[in-house]
Amino acid sequence: MAAFVSGLQGIGMTSARTRARMIERLRAEGIHDEQVLTAMAAVPRHLFIEEALAHRAYEDTALPIGFGQTISQPFVVARMIELLREGGRELGRTLEVGAGCGYQAAILAMLTREVFAVERIAPLLQRARETLRQLRLSHVRLKHADGMIGLAEAAPFDTIIVAAACSHVPKALRDQLAPGGRLMMPVGGGEEQVLLLVERKPRGFVETRFDAVRFVPLLPGTE
């Protein structure tokens, strides 16, 4: 962890006190994985949103980032990653579907050295690339691609995390999950979404449902 965090020192640290309050809220809401909390504290969320909304960056809420997309609520980001790491598991080779502005990819980059992220909206991907470059997170590999078909050329993945909701887990994403791997995504439609954890076991896939959530829809194609 220290090797990753060291590259962010001095970047956006004027908000350190506000960021610390966000971490205390996450603890109070039930996030216990200290490595996840350290990663959340290290990443300057205000750099990933429009300047006009920067004063709201450390509120526990999703915020618009343009193109009908949002930057996820900090608690939901922390919760999804904590569930993926449950039992002391390392994330390993990780695919993020729906990179958006790059915030969650930056958190993941604090926790593992192999992060691949796909985003279907080209201008968002470019913004994510620029911000991650500013933060010197060069080990995040970004691609403009349809997230519903994953990233077959880099598969299999130990971890897949999807930042948009679908009625089901796309078959391509299941197929790209390594043996023993875990996939986390919101499933359902409208206001009936929940977090779904999919584990690839020797005898097949095991699914576990968690918290109710609300995400933008996972759409096919690219823009």
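Just so it is clear, none of the values below were taken in a lab; they were calculated from the coordinates. For clarity, every value in this text was computed on a predicted model and none was experimentally measured. Neighbour counts are summed over all protein chains in view; Cβ atoms, including those assigned to glycine, are modelled from backbone coordinates with ideal geometry.
Taking amide H atoms as placed 1.01 Å from N in the peptide plane, the amide H of LEU177 lies under 5 Å from those of PHE157, each 5 or more residues away in sequence or on another chain. Taken about its Cα centre, the chain carries a charge dipole of about 380 debye when Lys and Arg each add +1 at the Cβ and Asp and Glu each add -1 at the Cβ. Other residues lying with their Cβ under 13 Å from the Cβ of ALA117 contribute a combined charge of +3, Lys and Arg counting +1, Asp and Glu -1.
Contact order for the chain, expressed relative to its length and based on alpha carbon pairs under 8 Å spaced 6+ residues apart, stands at 16 percent. For the options PHE157, PHE205, PHE75, a Gaussian network treatment of the chain with springs between C-alpha atoms closer than 10 Å singles out PHE205 as fluctuating the most. The reciprocal of the average 1/r between distinct C-alpha atoms defines the Kirkwood hydrodynamic radius, which for the chain equals 17.3 Å.
Annotation: amide H of GLU114 within the under-5 Å range of THR94, sequence separation 5 or more or interchain, hydrogens built in the peptide plane. Annotation note: trypsin sites (Lys or Arg not before Pro) in the stretch 164-223 located in DSSP loop regions with a Cβ neighbour count of at most 12 within 10 Å are ARG203. For the chain, the 222 nm mean residue ellipticity estimated from helices alone, with every DSSP H stretch of n ≥ 4 adding -39500 (n - 2.57) and the total spread over all residues, rounds to -8000 deg cm²/dmol.
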